[in-house]
Amino acid sequence: MYSFIYILIPIVLFPVSVMSQSFTIQGKVTSEDEPLPYVNVYLKGTTKGAVTNENGHFKIMNVTPGEYTIIASFTGFKTEIKRITITTQNLSINFALKNNESLDEVVITGTLKPVSRLESPVPVEVYSPAFLKKNPTPNIFEALQNVNGVRPQLNCNVCNTGDIHINGLEGPYTLVLIDGMPIVSGLSTVYGLSGIPNSLIEQVEVVKGPASSLYGSEAVGGLINIITKRPENTAKLSADGFVTSWGEANLDLGYKAKIGKKATMLLGTNYYNYSNPIDNNDDNFTDVTLQDRISIFQKWDFKRRKNRKFSLAGRYFYEDRWGGEMQWNKNYRGGNDVYGESIYTSRFEFIGNYQLPFKETINFQFSYSNHDQNSVYGDMPYIAQQRIGFGQLVWDKPLKHHDLLLGMAARYNYYNDNTTATPKADEVTIPSLFLQDEITLSSKQKLLLGARYDYDKRHGSIFTPRIAYRFKPSKDDIIRVNAGTGFRVVNLFTEEHAALTGARDVVIEETLKPEKSYNININYLKKHYTKNGMMFTFDASVWHTHFTNAILPDYDTDPNKIIYNNLNGYATSKGASLNIDAVFGSGIKALLGVTYQDVSQTENDITIDQILTEKFSGTWALSYKHYKSNLTLDYTGNIYGPMRLPTLGELDPRSDKSPTWSIQNIQLTFDGLSNLEFYAGIKNLLNWTPNKGEPFIIARAHDPFDEQVQYNADGSVMATPENPYALTFDPSYVYAPNQGRRLFFGIRFNVN
């Protein structure tokens, strides 16, 4: 009996003694057989970890026996994860990290076909959901504020509608695509961008410069292609919600399911609510428009023989937004007792891509959108409907040294509203043909030739050629030259919000002709690696766009009018930009951008700068991840130089130029729990708002219906004791958000 106990005691105590011991995990991290310093190596779910030294070696001490997940992570490289077991001895383990080069991403927008970003002859900037999460926003319009050379421009202090500028060109020159389909145009360029939630986005591709030869007449200044998530790349269940100290609430929900053996479905819902009127600048007008909106998205992918493509997607969007005097409610909608701008938007979209069952690669892509707007601006109603149908056949034919793309398309556009500018519905179908040939001249050189022919019964034949050249002298250097033409038909009341709001009269002096432009863009990209594991990417561009005709609002000739006519001269947009993407050791990454631009119009030998356009701008996104604590710090921001502002005459006391201003944000994210992330931070850290240093922002906010304004015999405003500056009500003096500093807190949840 005693002998059995003596045998049993060591057996029982052995695990206890082992568990009381501690061991060491050591090893080496390399990349392409070279030591990789400053790599974070840590045990998931613990505080145990180490950083590799200059020789790539690491050592994690005092590890108790058990099963662990060990992770080697370094910004700019693919994270490597291994399962290990510690029993009775020290452990040696090595990692070989692969470069996670963002430049090797597959892009579609530049050439209408999937291609490596490095191989594309057209420079394409790519922004992932990880970039968008550095400064969480409820929609894509706000998310683009930290993209160099791209500026979301607010156009009204009351309803906060806006558009997206690229390289200083106004919003209507920017074509916004969803999955390559041009359904965001006309009404939706002003009133639909806020309805695209970030939760739907796989990546955002930005092309600066004309792309009319592939995408048609609206792609004059550039285009933004919002590529929605593929079901196979999406978590089974996801949720992301945040609230702010201003009372904003945003919630994204996602669900993925397999339907049978051949279909996968993705369902996404976004809900945003802001219903807390705030008037910090004391003008009795809401500083930020109140909004209540919902967006429901569903996408289906179907498996077919020989991996042929077939996908369908649909989205419904509804928004109720209003801004105005603080005492406004829906009982005052459309009346002249209390001023308010109230906009009801109802919109649905349908997108599809079907690869025909032929030996050749031929795709049929199609989309349809229906946009209904019921809005009032004070006592002025604006009721509008727009329907856009689009379909195209694209034949992708690679040959030995040529990669051909041939297509035929048709676009149907229906637009109607209650304004005098539209006595009857505008309905037009535009057929198109396009051809593109990407020629491989050598292993280092490619030439792209393209042309598009459109027929618009209102303006006849439209021909838009394009040429692009890519030279790659080394694996780390790329030079690209792009040139093309642009052509655009103005849709005044759907694009120019100032034509509807305020008291300025809209004057169209003549029949507006199409806008035409010529553009050249030169781009140089350089990658540089240091011996201690740092990586730098330099992306520099210079551009010049020349308009032979441009339809620009004239605020200067008569401060009480907005005058539109054809340009008797020319307009130009020229400038240079630089992006620097830097990956340092110890989890530090920086993305910096700067743009200088000169946007002007010359008429009758007089050159003036374009209104509401900055000379220079800068953006940054700095990130630091502390792997042991699972904390990430993001510091993002932008800075804009002075821009000319739309004042109301010589007596207007407001500045005719804005100051240099900046919006900065900071965020802390914790991802140490399985399937959960917590994030919190401060938006608009400097509390910058455009009313600083100005007597007022909205002209005559106390008299929005101009009941006390008196006029001279010639129709000009009379200066009176009650109106010493001779002003009328006008909310178009806007260049920056009115929303000041605010805290935010959010939670993300994912189940794969």
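Look at Glu349, Glu202 and count the other Cβ atoms within 10 Å of each Cβ; fewest to most, that gives Glu202, Glu349.
Residue pairs exceeding 27 angstrom between C-alpha atoms, taken from Lys262/Lys446; Lys359/Lys444; Lys625/Lys683; Lys574/Lys625; Lys98/Lys589: Lys262/Lys446; Lys359/Lys444; Lys574/Lys625.
A straight chain from Lys628 to Val507 at 0.36 nm per residue would run longer than the Cα-Cα distance by 37.2 nm. Ignoring aspartates and glutamates fewer than eight residues from Lys59 along the same chain, the ones with Cα atoms less than 20 angstrom from its Cα are Asp33, Glu34, Glu67, Glu80.
Of the peptides 714-723, 567-576, the ranking by mean beta-carbon count within 10 Å, highest at the top, reads 567-576, 714-723. Quick one: if the Förster radius is 56 Å, what FRET efficiency do Ile588 and Ala713 give, using the C-beta to C-beta distance and rounding to 0.05? Once rounded, the FRET efficiency stands at 0.25. Hey, quick one: spin label on Ala576, modelled 7 Å out along Cα-Cβ, who in segment 587-614 has an amide N within reach, i.e. under 19 Å? Output list for this probe position: 592-600, 614. Ordering Pro514, Thr613, Phe95 by Cα displacement along the dipole of the chain toward the positive end leaves Phe95 in first place; charges were set at the Cβ atoms of Lys, Arg (+1) and Asp, Glu (-1).
Between Glu360 and Ile93, the simple label model (points 7 Å from Cα in the Cβ direction) yields a spacing of 5.4 nm. Modelled spin-label separation between Ser674 and Lys397, with each label point placed 7 Å from Cα along the Cα-to-Cβ direction: 5.5 nm.
The ranking of Val507, Val220 by Cβ neighbour count inside 10 Å, starting from the fewest, reads Val507, Val220. Remark: spin-label model distance Gln26-Ile296 equals 6.1 nm, labels positioned 7 Å along the Cα→Cβ axis. Only helices enter the 222 nm calculation for the chain: every DSSP H run of n ≥ 4 contributes -39,500 (n - 2.57), and dividing by all residues gives -1500 deg cm²/dmol, rounded to 500. The relative contact order of the chain, computed from alpha carbon pairs under 8 Å that lie at least 6 residues apart in sequence, is 11 percent. For the chain, the longest principal axis of the Cα atoms and the long axis of helix 2-20 meet at an angle of about 30 degrees. Between the labelled values (1) 31.1; (2) 29.5; (3) 28.3, the entry that holds Kirkwood radius over Cα pairs in Å as derived from this structure is (3).
Among Trp300, Trp661, which comes first, then next, by fewest other beta-carbon atoms within 10 Å?
By the 10 Å Cβ count, ascending, the order reads Trp300, Trp661.
Taking a straight line from the alpha carbon of Lys236, these aspartates and glutamates sit under 19 Å away, with near neighbours fewer than eight places off in the same chain left out: Glu202, Asp252, Asp301, Asp671, Glu677. Estimated from the Cβ-Cβ distance and a Förster radius of 45 angstrom, the FRET efficiency linking Ile666 and Asn53 is about 0.90. Note on Lys424: lysines with a C-alpha under 17 Å away, same-chain residues under 8 apart excluded, are Lys457.
Taking the DSSP bridge list for the chain and keeping only pairs wholly inside it, about 95 percent are antiparallel.
Multiplying the residue separation of Tyr524 and Asp379 by 0.36 nm and removing their Cα-Cα distance gives an extension gain of 47.0 nm. For Leu237 and Thr429, the difference between the fully extended length at 0.36 nm per residue and the C-alpha to C-alpha distance is 65.0 nm.
Here are some pairs, Lys133/Lys309; Lys82/Lys628; Lys48/Lys82; Lys44/Lys82; Lys208/Lys475; Lys78/Lys208; which of them have Cα atoms lying more than 20 Å apart in this structure? Table pairs above 20 Å Cα-Cα are Lys133/Lys309; Lys208/Lys475; Lys78/Lys208.
FYI, it's all coordinate maths here, none of it is from the lab. Quantities reported herein were computed from a predicted structural model and do not represent experimental measurements. Neighbour counts are summed over all protein chains in view; Cβ atoms, including those assigned to glycine, are modelled from backbone coordinates with ideal geometry.
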